[in-house]
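Scroll down for the structure; my scribbles are underneath it.
The values are calculated or read from the model by the stated rules, or taken from the named source; none is laboratory data. Quick caveat: nothing in here was measured; it's all calculated off a predicted structure. Quick reminder, even Gly has a Cβ in these numbers, built from the backbone with ideal geometry, and neighbours come from all protein chains shown. Just the protein is used for accessible areas: all its heavy atoms, side chains included, with ligands, DNA and RNA removed. Shrake-Rupley method; radii C 1.70, N 1.55, O 1.52, S 1.80 Å.
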Amino acid sequence: MNLLLYISRSFHLINEPNEMNILKESLCDVWRLKANDTECKPFVISRANMLCNMVGSVLKSRPASLLIEANVEKQSEASAKSRLTTSITDQIGVSSGAIASSSSPSSAAAAAAVASPLPSSSAVKRRRKIMPKDFKELSLYKKAALLVDSCGLKDILDFRQSCIIPRRLEAIANRITKKLHVLLIPLLKAEEHALLKKISEAKKMDDFIESIESISVIESADELVFIKLLVEKFVVLHKYDHLKRDHNECWYRVNVYSEAFDLLFLSSNLFESKRAECESVIIKTLKELKQLPTGQKNCRLDFILESNSNDRYFEQLFCEDKPKEKKSEIDIEKADLVRSSSLNYWLTLLPYKECSYYIESISCHFNKLTLRIYGTKLIDDRLIHYMKKETIIPNNGSGSQLADYITAILSLFRHVLLNLKKITVMCEIALQDDLNYMNNSTSLNTFREDSPGTSQSSQSSQSSSDSSATKEWETSERKSRIMNKIEAAIKDLEEADNEQYIRACWEELEYSQE
């Protein structure tokens, strides 16, 4: 479907038998080429073969018909507009000829003056609008930076606010957010996906128990055991209507929130979780590094998930809990500060600021039974805040809502794990490069500019510039070398996720259920 969508943007489609056969053969040729490409990975070849066999069925499907009909409708609109434009142009030509022959020079000058008024002062001072064409030929991250500059405030763009991006940039913004993985992407293995589909179809409590009875706490995978225990706890809470009553924060933390976070993250030896009124180590560290004001207060958080290593990556995820439905603006502002500070702190560990393109900082906010997951990215010294996911712990026995909540928790865990792997890999690549090329990349931030009256300042300045010039090519080559390795390593990590989790396309999901 994505390939058909791409074709429909550039070519005219015709819903006739002969034309559809040509389109079918063209699509099959594309997938055959991909399937016969020996340089592609096995899972890519397998998917190409699968898509090639499904081309005929897909072209007969409802989404394909909608795409083709929309394409034909655009053709007819363009044709009608062209005919209308030609007709209007002809009429204007006739009318202008008659006016020109009957008008005096003075009236013509007056008409010209009316047609081209002097620009007003407000029009001169108005900032040029950013148009979609301004984003062409820019890389993904330069596009994101331009979007922040044009729609943000003080180098911050908050996607949680409404009416901040004009409609003319809607398509651009949607493509940028999709490629930056702003929304939480479901990351499920095949067994988990099959189990959660059963849970989503449950209508009674017996159906929930029946869906998980085949899972062994000893022999099954950790994530399946987590799903089993979470469903059992949900059944108990729902049976006695506990989720329909109001409770204090401590009750929710012990009986609801910790069942999801603590239990799941304990299944990994890469993390250590802290509960109840713990302080952000990153805020303290940045204060020590003089990157935050000395008057900045320490941030107390309800849950912190730290990297269980000696690499000083510190908190990878944190959470704020509230027993009320209403959002806490104080918690949101505090979380924005901690997420932004986390990215700035990680940059002190990473070799270059462009490394921030590949990572994000994530926080969670529980408001009674509602979970909101927020994220922040740092791109060229600009911050982008956004909501990754909002989900609800059901109090009405809804299987679909429970499955959605479990999917969000599992996916969140894997996104955080992937984020930590990316940070680790980038730091290791820089250290390996130092060893391979016998470098010491430790920076000394102890210098300042010479004062104008210093003796021999011009001579020292010339000497300094000569030294900088001799090192410039080495610095540029090292950055290019390391960033190329980082880009390849990040691509390998993401492809490993594609192989491990279900990233099924619409065609595979649609026809696997038949």
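Side notes on the structure shown:
- Condition check for Glu210: open to solvent by 30 Å² or more (accessible area, probe 1.4 Å), over 25 Å from the mean Cα position of the chain (by Cα) and closer than 22 Å to Tyr501 by Cα: no
- Each residue in the stretch 374-407 was checked for being closer than 28 Å to Cys151 by Cβ, of a type outside the set (Lys, Arg) and out of contact with any His (no Cβ under 8 Å at 6 or more places or on another chain), and 11 pass.
- Cβ pairs under 7 Å, 6+ apart, first in the stretch 393-407 and closer than 11 Å to Leu243 by Cβ and touching a residue at least 60 places away in the same chain (Cβ under 8 Å), second charged (D, E, K, R) and surrounded by fewer than 20 Cβ atoms within 10 Å (Cβ to Cβ): Asn395/Lys244
- Checklist (1) in a strand (DSSP E or B); (2) modelled with pLDDT under 90 applied to Asp321, failing item: (2)
- With respect to (1) modelled with pLDDT of 95 or more; (2) not in a helix (DSSP H, G or I), the lone exception for Met438 is condition (1).
- Lys244 falls short on exactly one of the conditions (1) open to solvent by less than 50 Å² (accessible area, probe 1.4 Å); (2) in contact (Cβ under 8 Å) with a residue 60 or more places away in the chain, and that condition is (1).
- With respect to the stated conditions, Ile156 is open to solvent by 50 Å² or more (accessible area, probe 1.4 Å), closer than 28 Å to Asn419 by Cβ and under 21 Å from the mean Cα position of the chain (by Cα).
- Residues that are open to solvent by 20 Å² or more (accessible area, probe 1.4 Å) and at pLDDT 95 or above number at least 1 in the following strands (runs of 3 or more DSSP E) confined to the stretch 326-427: 370-379, 382-392.
- Residues located in the stretch 275-305, provided they are part of a strand (DSSP E or B) and either farther than 17 Å from Arg339 by Cβ or hydroxyl-bearing (Ser, Thr, Tyr) (or both): Arg275, Ala276, Glu277
- So Ser273, is it of a type in the set (Ser, Thr, Tyr), under 27 Å from the mean Cα position of the chain (by Cα), under 23 Å from Leu237 (Cα atoms) and open to solvent by less than 50 Å² (accessible area, probe 1.4 Å): no
- Meets criteria (closer than 30 Å to Leu343 by Cβ, part of a helix (DSSP H, G or I) and touching a helix residue (DSSP H, G or I) at 6+ places or on another chain (Cβ under 6 Å)) for Phe261: no
- Of all residues in the stretch 160-170, those that are touching a helix residue (DSSP H, G or I) at 6+ places or on another chain (Cβ under 7 Å) and either surrounded by 14 or more Cβ atoms within 10 Å (Cβ to Cβ) or acidic (Asp, Glu) (or both) total 2.
- Asp321 vs. criteria surrounded by 16 or more Cβ atoms within 10 Å (Cβ to Cβ), over 21 Å from Leu270 (Cβ atoms) and out of contact with any helix residue (DSSP H, G or I) (no Cβ under 9 Å at 6 or more places or on another chain): no
- Pick from the stretch 376-406, criterion closer than 28 Å to Leu196 by Cβ and of a type in the set (Val, Ile, Thr), ranking: nearest to the chain's Cα centre (by Cα): Thr391
- Selection from the stretch 171-195 of residues that are open to solvent by 80 Å² or more (accessible area, probe 1.4 Å) and farther than 23 Å from Leu412 by Cβ: Arg175
- Some residue of the stretch 298-306 being over 26 Å from the mean Cα position of the chain (by Cα), over 23 Å from Lys377 (Cα atoms) and without any contact (Cβ under 8 Å) to a residue 40 or more places away in the chain: no
- Only helices (runs of 4 or more DSSP H) whose full extent lies in the stretch 151-240 are considered here, and the ones with at least 1 residues that are of a type in the set (A, V, I, L, M) and touching a Phe, Trp or Tyr at 6+ places or on another chain (Cβ under 7 Å) are 170-179, 190-200, 222-239.
- Of the residues Glu279, Glu259, the single one that is open to solvent by 10 Å² or more (accessible area, probe 1.4 Å) and touching a strand residue (DSSP E or B) at 6+ places or on another chain (Cβ under 7 Å) is Glu279.
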